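This report refers to the structure that appears directly beneath it.
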Amino acid sequence: MAGVSLRHLYKSYSKNGPLVVKDVSLDIEDGEFMVFVGPSGCGKSTTLRMVAGLERVSQGEIYIGGELVNHVPPKKRDIAMVFQNYALYPNMSVFENMAFGLRLRKTEKHQIESAVKQNARTLEIEHLLERKPRQLSGGQRQRVALGRAIVRHPKAFLMDEPLSNLDARLRVQMRTEIIELHRRLDTTMIYVTHDQTEAMTMGTRICIMKDGIIQQVGVPEDVYMKP
Ligand code: ADP
Ligand code: ADP
């Protein structure tokens, strides 16, 4: 079975409220870089948050690595989430920020140390490990946020507009870095953006949503986007 499978997903935020996700079905294979793109309010974040377990599923099923996860709490899902507002702990060093998820899972100290160092090297933030988030640039903070996610070797990375708070130059640079990271880690990525250029340059496949529905799914060359 695919890395992440969505089966006839529906979401309404209240009992008689509107359906903001309607009959969404999609298989995301291991190692894919799937980008959800579409206008603001079309249901991308809601879909991603259901995969993360941060929103309840109204109807349908979500499978991660073949396991039905509808009732599995976020911490027990083998995923990592990267948000747009880095969400680093301000009073912890970069090292502690990266180690946090592993500590929670009672990983042994020497394993934490080597995992953090190795991944810090991958992201070229090894020299920043003792700093606090406020002593970092926007791009460095974004890298630490990525580092926090990758140290756990999750089955899938979920990213919700992770670059939207960065200036244009940095955004383009981080795009390349995330594409490179995906190649190096050989992992599944599910990425949400409203930016068509970002979608076309980053995704190995693109899922275009509109009004809660999947309009098209395909490789960048094959999907058609209205300008
Ligand atoms: P997108 O990520 O594509 O911008 P969202 O998934 O955030 O879209 O939102 C889809 C729809 O659900 C929108 O109409 C939005 O207003 C609504 N919505 C999102 N979050 C909530 C919430 N917590 N409570 C009620 N409605 C929400
Ligand atoms: P992980 O990196 O494993 O996904 P998180 O960083 O998302 O872990 O947070 C793990 C838990 O710590 C969450 O339940 C979260 O609510 C809690 N938490 C949030 N903010 C802080 C904070 N400033 N210090 C300590 N724990 C926090």
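The values are calculated or read from the model by the stated rules, or taken from the named source; none is laboratory data. All values derive from a computational prediction rather than experimental measurement. Note: ideal-geometry Cβ built from the backbone for every residue, glycine included; neighbour counts use all protein chains shown. With ligands, DNA and RNA removed, areas are computed over all heavy atoms of the protein, side chains included. Shrake-Rupley method; radii C 1.70, N 1.55, O 1.52, S 1.80 Å.
Going residue by residue through region 175-198, is there one that turns out to be of a type in the set (A, V, I, L, M, F, W, C), within 16 Å of ligand 1 (Cβ to nearest atom) and open to solvent by less than 10 Å² (accessible area, probe 1.4 Å)? Give the steps one after another, and end with the answer.
Going residue by residue through region 175-198, those that are of a type in the set (A, V, I, L, M, F, W, C) are 178-179, 181, 185, 189-190, 192.
The next check asks that each one be within 16 Å of ligand 1 (Cβ to nearest atom); those that pass are 190, 192.
Adding the requirement that they be open to solvent by less than 10 Å² (accessible area, probe 1.4 Å) leaves 190, 192.
Yes: region 175-198 contains one or more residues that are of a type in the set (A, V, I, L, M, F, W, C), within 16 Å of ligand 1 (Cβ to nearest atom) and open to solvent by less than 10 Å² (accessible area, probe 1.4 Å).
Condition check: surrounded by fewer than 19 Cβ atoms within 10 Å (Cβ to Cβ) and out of contact with any Pro (no Cβ under 9 Å at 6 or more places or on another chain). Does GLY60 satisfy that?
For GLY60, the condition - surrounded by fewer than 19 Cβ atoms within 10 Å (Cβ to Cβ) and out of contact with any Pro (no Cβ under 9 Å at 6 or more places or on another chain) - is met.
List the pairs whose first member sits in region 16-39 and is assigned to a strand (DSSP E or B), whose second member is open to solvent by 70 Å² or more (accessible area, probe 1.4 Å) and more than 9 Å from ligand 1 (Cβ to nearest atom), and whose Cβ atoms are under 6 Å apart, counting only residues at least 6 apart or on separate chains?
LYS22/ILE213; ASP23/HIS8; SER25/ARG7; SER25/HIS8
Could you tell me whether any residue of region 104-112 is surrounded by fewer than 17 Cβ atoms within 10 Å (Cβ to Cβ), in a helix (DSSP H, G or I) and in contact (Cβ under 8 Å) with a residue 12 or more places away in the chain?
Residues of region 104-112 that are surrounded by fewer than 17 Cβ atoms within 10 Å (Cβ to Cβ), as a first pass: 104-111.
Now drop any that are not in a helix (DSSP H, G or I), which leaves 104, 109-111.
If we keep only those that are in contact (Cβ under 8 Å) with a residue 12 or more places away in the chain as well, we get 104.
Yes, region 104-112 contains a residue that is surrounded by fewer than 17 Cβ atoms within 10 Å (Cβ to Cβ), in a helix (DSSP H, G or I) and in contact (Cβ under 8 Å) with a residue 12 or more places away in the chain.
Name the residues in region 31-52 that are within 16 Å of ligand 2 (Cβ to nearest atom) and closer than 19 Å to LYS15 by Cα, would you?
Of everything in region 31-52, just one residue is within 16 Å of ligand 2 (Cβ to nearest atom) and closer than 19 Å to LYS15 by Cα, namely ARG49.
Which residues, counting only those in region 199-226, are without any contact (Cβ under 8 Å) to a residue 24 or more places away in the chain and either more than 16 Å from ligand 1 (Cβ to nearest atom) or open to solvent by 80 Å² or more (accessible area, probe 1.4 Å) (or both)?
Passing the criteria: GLY218, VAL219, PRO220, GLU221, ASP222, VAL223, TYR224, LYS226.
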